[in-house]
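Before any comments, here is the structure.
The values are calculated or read from the model by the stated rules, or taken from the named source; none is laboratory data. All values reported here derive from a predicted model rather than from experimental measurement. Heads up, the Cβs are rebuilt from the backbone with ideal geometry, glycines too, and the neighbour counts pull from every protein chain shown. Only protein heavy atoms, including side chains, enter the accessible area calculation; ligands, DNA and RNA are left aside. Shrake-Rupley method; radii C 1.70, N 1.55, O 1.52, S 1.80 Å.
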Amino acid sequence: MTDYQTVEHDVLVIGAGGAGLRAAIEAAAQGVSVGLVCKSLLGKAHTVMAEGGMAAAMANVDDRDNWRVHFADTMRGGQYVNNWRMAELHAKEAPERVKELEAWGALFDRTPDGRILQRNFGGHRYPRLAHVGDRTGLELIRTLQDHGIHQGLDVHMECTVLTLLKDGDRAAGAFAYDRERGRFRLFKAKAVVVATGGIGRAYKITTNSWEGTGDGHSLAYHAGAALQDMEFVQFHPTGMIWPPSVRGILVTEAVRGEGGVLKNRDGRRFMFDNIPDLYKAQTADDPEEGWRYTQGDKDARRPPELLTRDHVARMIVREVREGRGSPHGGVFLDIAWVKQKIPKSEEHIKRKLPSMYHQFMQLAGVDITKEPMEIGPTTHYVMGGIRVDGDTQMSTVPGLFACGECAAGLHGANRLGGNSLSDLIVFGQRAGEHAARFAAQNGAAGIDEAQIQVAEREALLPFDSLTGEGPYQVQDSLQETMQDLVGIVRAQHEMEEALSRLETLKERARCVSVRGNREYNPGWHTALDLKNLLTVSEAITRSAIERKESRGGHFRDDYPDKDPAYAAFNLVVRKGADGEMQIAREQIPPMPDHLKAVIEEMK
Ligand SMILES: Cc1cc2nc3c(=O)[nH]c(=O)nc-3n(C[C@H](O)[C@H](O)[C@H](O)COP(=O)(O)OP(=O)(O)OC[C@H]3O[C@@H](n4cnc5c(N)ncnc54)[C@H](O)[C@@H]3O)c2cc1C
């Protein structure tokens, strides 16, 4: 007989990052009871690490900005495989959502006349990122948390969801365990919102926190939901690379937004060497014009360092591969050079980029006001995720909603910096609203005991296994496989090799054993993460094999060009009746004429 505690809510939100918190606040505002579950402590979600800002066309710094430019920038950045409806809603609704945060107490940086200050970021035509120094995620989480606490949310911290439960086709709740005591908890709900963030921990070098193990993607997939465009993983161009202990930690794009430049071993600004046709008209002709852009000159165009992340990351890889890299296998990012332009540049850099200053000083012994940083690409974000309806955020499973990084669509093949935080608040709000509506319109769902017993048995398996192999060994092999074979530059034979290794890893994961008891057992937790990591890794690899072209975050050595035929569909994976992963091409619905006209106009 299974031993668990039962909790019941109208809406269950899994994940307390920006997306989950915003969804929970909205659902509660609709008058339904809301439970919010998170793996770590409230306030510790990955969102807290976000640095540079949230994109919203408020036109506070440049009055030429508006939703249409933001929409066109997002679609261009995503290389036109985005869910255009989501891109439209996001561009239109982000300013309102940001102002709402301000009304709830968020303390944004200010323009001289007292409005929310906005900064430049890659791929955005105008300064658009509302920010709080380089600690925007902290302020976002603090504000939502403070506001949410007063909405009567029931928060279940340090509680990890293991399985989504269903009543027939419909979502009906979740089975979880609490880390403190290792006890099981059954959540019954009329609607479930998944907001579990990213998948970065499937790779060895990543900016993601320990929570980024693709749980929501995997939970939804195993519950029958479709995942979309999983091949599109974003490798951020600038992560720390030295010393080894800090490898992968993010160096915010705000450094380049404030005038930081990329140089190779010979001191050459290599980003001027190759500017994609799609961006030629919007890119500075020379360093002087680029500098003027970063300082707010409306007649100047952006420096090539602020091209989209996929392109910048590939340019860095090219420099390294061709022998022009830095001593530890990256290139140099230099903000110290602004001393040639700005008096008291040291104070200026420390004020604009306080976290970066401390990060490099304390972790690498580098004073960024005086010397360049050594950086290289790092796994950062997944554009692919749970396939949702653009307006409601409902997945292909009735009653199961998804928002934030674990949902797909908005960003297409490549996300623009700053478009995630705004995604969280725009689609978190929508998911919360529609989940509450679904809960109000549908009665309580039933959950049969058999589902719960299967989930419990599976969770406890590692305690009974006698193989002796620990979960960390399997996790290491998995991360190495994905890093080496399905990384920033991909090829058919390597990805096929990855698939075959993943099959072996699945076997090993089924047999891992853990020692000790169930209270705060990190080995057990890691063992339970493996299924999620393996599911998302397989989805990424199968989709990457299927997309025989290069587009956005997906670059193939054997198909280095974009193929227009691949712009017509999304790649969708589902769990087949035989339990195996199936992949299909699904046509992208035609864009309405009024949005096509916006794209034409902004070309
Ligand atoms: C260093 C860094 C800087 C960034 N800077 C920016 C920026 O400036 N601008 C921008 O737009 N984007 C930025 N990003 C990206 C952005 O921060 C993320 O995409 C975003 O915060 C994801 O938010 P989320 O709400 O979807 O998920 P998260 O914030 O990742 O939250 C996920 C939540 O789900 C919970 N969870 C996960 N699995 C389970 C489970 N099985 N059971 C229960 N709970 C679970 C976690 O505990 C957590 O509460 C940055 C990312 C990094 C790493």
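Residues in the range 129-187 that are in a helix (DSSP H, G or I) and either away from the ligand (no atom under 12 Å from the Cβ) or free of Cβ contacts under 8 Å to residues at least 60 places away in the same chain (or both): Glu139, Arg142, Thr143, Asp146, His147, Gly148, Ile149. Of all residues in the range 33-87, those that are away from the ligand (no atom under 16 Å from the Cβ), touching a strand residue (DSSP E or B) at 6+ places or on another chain (Cβ under 9 Å) and not hydroxyl-bearing (Ser, Thr, Tyr) total 8. Of all the criteria given as (1) at pLDDT below 95; (2) more than 14 Å from the ligand (Cβ to nearest atom); (3) open to solvent by less than 10 Å² (accessible area, probe 1.4 Å), the one not satisfied by Tyr4 is (3).
Asp113 falls short on exactly one of the conditions (1) open to solvent by 50 Å² or more (accessible area, probe 1.4 Å); (2) assigned to a helix (DSSP H, G or I), and that condition is (2).
A residue that is more than 30 Å from Pro276 (Cα to Cα) and open to solvent by 10 Å² or more (accessible area, probe 1.4 Å) can be found somewhere in the range 122-132.
Taking the condition of being under 17 Å from Asp529 (Cα atoms) and either open to solvent by 50 Å² or more (accessible area, probe 1.4 Å) or of a type in the set (A, V, I, L, M, F, W, C) (or both), how many residues in the range 143-179 meet it? Of the residues in the range 143-179, 7 are under 17 Å from Asp529 (Cα atoms) and either open to solvent by 50 Å² or more (accessible area, probe 1.4 Å) or of a type in the set (A, V, I, L, M, F, W, C) (or both). Only residues that are open to solvent by 70 Å² or more (accessible area, probe 1.4 Å) and under 18 Å from Met602 (Cβ atoms): list them for the range 263-298, please. Asp277, Leu278, Lys280, Ala281, Lys298, listed by residue number. A count restricted to the range 454-475 and to residues that are within 15 Å of His525 (Cβ to Cβ) and part of a helix (DSSP H, G or I) stands at 10.
Can you spot a residue in the range 422-430 that is hydroxyl-bearing (Ser, Thr, Tyr) and either open to solvent by 10 Å² or more (accessible area, probe 1.4 Å) or in a strand (DSSP E or B) (or both)?
No, because not a single residue in the range 422-430 is hydroxyl-bearing (Ser, Thr, Tyr) and either open to solvent by 10 Å² or more (accessible area, probe 1.4 Å) or in a strand (DSSP E or B) (or both).
When the range 317-336 is limited to residues that are modelled with pLDDT of 95 or more and among the β-branched types (Val, Ile, Thr), the one that is nearest to Arg490 (Cα to Cα) turns out to be Val331.
The set of residues in the range 21-37 being open to solvent by 10 Å² or more (accessible area, probe 1.4 Å) and under 26 Å from Tyr177 (Cβ atoms) consists of Ala28, Val32, Ser33. Residue count for the range 200-244 satisfying the condition of being more than 12 Å from the ligand (Cβ to nearest atom), more than 19 Å from Ala408 (Cβ to Cβ) and open to solvent by less than 20 Å² (accessible area, probe 1.4 Å): 2.
Out of everything in the range 480-528 that is assigned to a helix (DSSP H, G or I) and among the small types (Gly, Ala, Ser), what residue ends up being most open to solvent (accessible area, probe 1.4 Å)?
Top of the filtered list is Ser500.
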